[in-house]
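The values are calculated or read from the model by the stated rules, or taken from the named source; none is laboratory data. What you see is a predicted model, and the numbers here were worked out from it, not measured in a lab. Note that we place each Cβ from the backbone using ideal geometry, even for glycine, and neighbour counts take in every protein chain shown.
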Amino acid sequence: MKPKIKLIYSWMILRSIISFVIILISSNTRAQESGKSYNDGHGGKVYFPLGDISFADEVVEFVKGDPAAIEQSSNPSDAIGVPDFDGLAKGFVSLGCGGKLILKFKDNALINIDGPDLYIFEMGKYIESTDLAISKDGVNWISIGEIKGAVAEIDIEKFSKPGDVFNYVRLIDLKASCKGDWPGADIDAVAAIGSAKRLSFTSSVLFSFNESVLKPEAKKLLDGLIKEIGSSSISEIIVEGYTDSIGTSELNKNLSLARANSVKSFLKQKLVNKPYKIEAVGFGEENPLMPNDTKEGQEKNRRVEIILMPVKK
Ligand SMILES: [Ca+2]
Ligand SMILES: [Ca+2]
Ligand SMILES: [Ca+2]
């Protein structure tokens, strides 16, 4: 081959390699993007960086107002998951006059990002005044103001410290409209625009009884997590340890912290060149997922949760 042709030939090969790499990178970026926009019920759209998991996952408490709404609009689970108001009378819950609803985030958590963090999908012509509060543990509440008129979103900046993670939202109807079939606020969905992904691992798959050294199989399991972490834009990882309520609360706290620290060390080792801050917290028997009075409940409560904090934009 003449040198010039050889040069052109190698350039062509190099070019195809470069475009292949670009395709790989861009398809990878696309795979990470879980963000999605949803109709706000008032003619607009709202964008959620984590897509479907941004929405509240569980009803913790519902106290119907007085007067209450008609039966078909009084089911609090209609406020769970993505918005699904059908434009007629289904898909939302009417709190009733002065009604109260507490929801929990399970596969995500509410955090402060730049701009609004919490969004309430309130149906109807005007957003009925509703008092909002958030909580980490479902016991201690921080009031964050109200939604009303055309405002359905709230910035929690003023109410949170860096690294704060909230798991509960409480809505109380402020009795702005107490007449008709649907008195009180009409809630289709509740979602965290400021959202961190939360992953949960049962302790028994990670550790032997009362131990805090990772089982060999646990390392394989966590390798999957490392892959997921590698493809997301994360600023910080929080590892939380939890136990059941058997034994003293001090022992439980120590065990849960030791376990969280084991997972933290493993992640640190694997993510050695990454800039993430990794933190371990031991909650012991706090924040149980189920009552501790059955074997099943105890097993559910013994867990390690990992929160992936997104890069603050
Ligand atoms: Ca969720
Ligand atoms: Ca914010
Ligand atoms: Ca709904």
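Laid out as a table, the results:
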{"read-out": "Test set (1) within 16 Å of ligand 1 (Cβ to nearest atom); (2) over 16 Å from residue 194 (Cα atoms); (3) part of a loop (DSSP other than H, G, I, E, B) - residue 88 fails condition number", "value": "(1)"}
{"read-out": "Hits in the range 299-313 (condition: in a helix (DSSP H, G or I) and crowded, with 18+ Cβ neighbours inside 10 Å)", "value": "300, 301"}
{"read-out": "Residue 95 away from ligand 1 (no atom under 16 Å from the Cβ), aliphatic (A, V, I, L, M) and surrounded by 15 or more Cβ atoms within 10 Å (Cβ to Cβ)", "value": "yes"}
{"read-out": "Subset of the range 145-198 [in a loop (DSSP other than H, G, I, E, B), acidic (Asp, Glu) and closer than 25 Å to residue 236 by Cα]", "value": "155, 164"}
{"read-out": "Residue list for the range 197-217, filter: touching a strand residue (DSSP E or B) at 6+ places or on another chain (Cβ under 6 Å) and farther than 20 Å from residue 288 by Cα", "value": "none"}
{"read-out": "Hey, residue 203 more than 16 Å from ligand 3 (Cβ to nearest atom), assigned by TED's automatic domain parsing to the domain that holds residue 277 and modelled with pLDDT of 95 or more or not", "value": "yes"}
{"read-out": "The range 38-81, subset part of a helix (DSSP H, G or I), away from ligand 2 (no atom under 16 Å from the Cβ) and in contact with a strand residue (DSSP E or B) (Cβ under 6 Å, 6 or more places away or on another chain), residue modelled with the lowest pLDDT", "value": "73"}
{"read-out": "Restricting the range 185-207 to residues that are surrounded by fewer than 19 Cβ atoms within 10 Å (Cβ to Cβ), more than 12 Å from the chain's Cα centre (by Cα) and hydroxyl-bearing (Ser, Thr, Tyr), the residue that is nearest to ligand 1 (Cβ to nearest atom)", "value": "202"}
{"read-out": "Some residue of the range 96-103 being under 26 Å from residue 163 (Cα atoms) and within 16 Å of ligand 2 (Cβ to nearest atom)", "value": "no"}
{"read-out": "Residue count for the range 165-214, restricted to those that are more than 30 Å from residue 45 (Cβ to Cβ), without any contact (Cβ under 8 Å) to a residue 12 or more places away in the chain and of a type outside the set (Asp, Glu)", "value": "3"}
{"read-out": "Selected residue [of a type in the set (A, V, I, L, M, F, W, C), surrounded by 14 or more Cβ atoms within 10 Å (Cβ to Cβ) and in contact (Cβ under 8 Å) with a residue 60 or more places away in the chain] from 103, 132", "value": "103"}
{"read-out": "Any hit, the range 208-223, residues being acidic (Asp, Glu), within 22 Å of the chain's Cα centre (by Cα) and outside any strand (DSSP E or B)", "value": "yes"}
{"read-out": "Residues that are closer than 15 Å to residue 110 by Cα and either buried (at least 20 other Cβ atoms within 10 Å of the Cβ) or in contact (Cβ under 8 Å) with a residue 60 or more places away in the chain (or both), drawn from the range 48-79", "value": "48, 49, 50, 53, 54, 55, 56"}
{"read-out": "Every pair of residues 6+ apart whose Cβ atoms lie under 9 Å, when the first sits in the range 81-92 and is more than 12 Å from residue 39 (Cα to Cα) while the second is among the aromatic types (Phe, Trp, Tyr) and away from ligand 2 (no atom under 16 Å from the Cβ)", "value": "81/55; 89/182; 91/85; 92/85; 92/121; 92/182"}
{"read-out": "Residue among 108, 167, 112 that alone is assigned by TED's automatic domain parsing to the domain that holds residue 49 and within 14 Å of ligand 2 (Cβ to nearest atom)", "value": "112"}
